[in-house]
Amino acid sequence: MEKIKILVLAKQVPDTRNVGKDAMKDDGTVNRGALPAIYNPDDLNALEMALEAKDRLGNAEVYVLTMGPTRAAEIIRESIYRGADEGYLLTDRKFAGSDTLATSYAISKAVKKIDPDLIFCGLQAIDGDTAQVGPQTAEKVDFPQITYVEKLVEISPTQITLKRRLERGVETVVAPLPALITVHGSANPCRARNVKRVMQYKHARTLTELKEENRENSELFKDRPYLKIEEWSVDTIQADDTHLGLSGSPTKVKTIDSVVLAQKENIVLTSSDADVEELMVDLLKSRVIG
Amino acid sequence: MKNVFVYCEVTEEKRIAEVSLELLSKGRKLAETLGVKLEAVVLTDQAGDTLETIQEFGVDVIHLAESVELFPYRTLPHFRVVQAIFEKEQPEIALFGATSVGRDLAPRIASVLRCGLTADCTSLEIGDHVDTKTGKEYKNMLYQIRPAFGGNIIATIINPETRPQMATVREGVMKLEKADKKKVAQIKNYKVEEILKPEDLVITIIDRHIEPQKVNLKGAGIIVSGGYGVGSKENFKLLYDLAAVLGGEVAATRAAVDAGYAEHERQVGQTGVTVRPKLYIACGISGAVQHRAGMDQSAKIISINTDPNAPINAIADYAVTGDLMEVLPKMIAYYKKYSK
């Protein structure tokens, strides 16, 4: 029987959860360089669910696809350390400025090339919080989508049973394969790196990375071809330029404003007994509390 | 044609979701500004008296699709029917609640129609746009306004060329306002069995159970909220103590939730819950836009922060500069002393 192909869509994101003072430039724009790049948290939950699916199926392989600049290859190495079999980096200047629609178009072209039976991705990425790329990719490859998934209940080569986490409860659904699944942050956290895999794959590189390290003439890939991380461009996935980047994005950013707050007239207090006493008396008097 | 459409979500209790009624209220204003009609889309098994509710919001047309396949919500049947309605009606604007339904459905619709969609808008306005490169003028665009990048900037997004202009909005962000006069809406019925194909029905729901939310932030009159500055889950206990004494609920910022100090249901902000309590006590909260978007309509705001220049102080009625570990116990003590 043919192996079941499981694909994880993962993204490298700036860590917007810890935005420090130096993260904003004086003109109010974002200083991306000051933010560490991390594996998008929900995507790690998605990777775990994909690995669980592989564990249960046995006869399966987990691939990782990420779109981003050269350094996003870090995401692929991290995935491989944790158990993924192989990864592809989708990288091209022409992707720059893509909104969710243009992004999902590019991803869908790469997905068609990989031809998976199942796709897992995080519910949303912390740099945009849109939760749009999963469903939009599903539509473009004509897969049913199951979103907000918290638990993999059962899987066979033909169907999958999943528990979804909704606002007011849970729902269990059965879907045939193929399908695209977006994984909620409340799902199982991702397993740790496997030390053996780290030793085996720590030199895994894209060609561009090797060039940047001035090792393009090294025999690395000749001796150990499994260390080569594939880089795919617009041409590799046969995408139409006009659907990519700024020109392929129906949403345009009209303006970006840094936030200027109108100062409200306020009462400034300290933590002294007298001040806190005044505060509580004030609140009780004005019947805000009590 | 060229009208404002609102996808009306049907709840477990077969009522129109609060967020959809809020969007109908906002949609009516947008439609008035543009001089077009307001149209509602309702997909359910049996509409019953939900249509009555919608009529109170000044809707001109209700697109109604009734079928057992449409309740409870499943992605593909709803997707296929909404796609059919939109392809026929060519809406100018289409609004969805940013719920697990709206955030599942809207992107798939935007993808098939190849149009722009902006998630979690905190404000929607109508305005003009001039393309700086081509000089081309665009009249009456929908400004989709949202905090971006961890809430440190506010972005205004437009879709100059594609229609509908789509946006999702969280519950509690727009004000719920019924129309002054009740209007009798025209009802357009759809034959669902002619729209759905067998492949739209491949997913089956085998179990659903409702777990009512334990935390009710929207209904709380007093909210004691903590940020990353609270420092630990243990320190959060002080916030629970104060909330218990005052009869309020405990909330948290996204940073505090991400750090594991509080549960996700307690998150206030653009991607959490929007609240308007009579008193909001912000403890160790710096005040990123993304958080303020969810609480700046509070009647009274107290900020407790060691940093006298914390941005949240700008919208606070009382700004207490000090350590919350010191201030909160004092608040509890003085409350007990004077409330009797």
* Asked: For chain A, what does -39500 (n - 2.57) per DSSP helix run (n ≥ 4), summed and divided by total residues, give at 222 nm, in deg cm²/dmol to the nearest 500?
  -> -8000 deg cm²/dmol
* To do: Give the percent of DSSP beta bridges with both residues in chain A that are antiparallel, rounded to the nearest 5.
  => 40
* **Ordering of A:199-209, B:276-286 by burial proxy (mean other Cβ atoms within 10 Å per residue, highest first)** => B:276-286, A:199-209
* For the protein assembly as shown, build the charge dipole from Cβ charges (+1 Lys, Arg; -1 Asp, Glu) around the Cα centre, then report which of A:41, B:304, B:42 sits farthest towards its positive end. => B:304
* Structure fact -> per DSSP, antiparallel bridges as share of beta bridges in chain B, % nearest 5, sits at 20
* Asked: Between segment B:17-93 and segment B:273-340, what is the C-alpha centre distance in whole Å?
  -> 39
* **Crossing angle, helix A:273-285 versus chain A [Cα axis fit, 0-90 degrees, rounded to tens]** => 90
* Residues of B:319-328, mean number of Cβ from any other protein chain within 10 Å of their own Cβ, rounded to a whole number? -> 4
* Asked: Among bridges DSSP assigns within the protein assembly as shown, what percent are antiparallel (round to 5)?
  -> 35
* Asked: Top mean-square fluctuation among B:258, B:45, B:207, Gaussian network model of chain B, C-alpha springs under 10 Å?
  -> B:207
* Ranked by how many other beta carbons lie within 10 Å on average, peptides A:229-240, A:95-106 from highest -> A:95-106, A:229-240
* To do: Specify the angular offset, from 0 to 90 degrees and rounded to the nearest 10, of the alpha carbon long axis of helix A:41-57 from the longest principal axis of the alpha carbons in chain A.
  => 40
* **For the protein assembly as shown, with +1 on Lys and Arg beta carbons and -1 on Asp and Glu, the positive-most of B:4, A:87, A:226 along the dipole** => B:4
* Most fluctuating residue of B:71, B:96, B:57 in a GNM of chain B with Cα springs under 10 Å: which is it? -> B:71
* Asked: Considering the alpha-carbon set of segment B:4-201 alone, what are its Rg and its Dmax in angstrom?
  -> 16.4, 52
* Mean separation of Cα pairs under 8 Å and 6+ residues apart, divided by the residue count of chain A: what relative contact order is that in percent? -> 22
* What does the charge dipole of segment B:4-201 about its Cα centre add up to, to the nearest 20 debye, if the Cβ of each Lys and Arg holds +1 and the Cβ of each Asp and Glu holds -1? -> 460
* What residue among A:153, A:64, A:253 has the largest mean-square fluctuation in a Gaussian network model of chain A, using Cα springs under 10 Å? -> A:253
* Here are some pairs, A:163/B:197; A:11/A:54; A:113/A:196; B:233/B:300; B:26/B:183; which of them have Cα atoms lying more than 23 Å apart in this structure? -> A:163/B:197; A:113/A:196; B:233/B:300
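A short reminder: the numbers here are calculations on the coordinates, not readings from a lab. Please read these numbers as outputs of a predicted model, since none were measured by experiment. In this analysis, Cβ positions are derived from the backbone assuming ideal geometry, glycine residues included, and neighbour counts consider all displayed protein chains.
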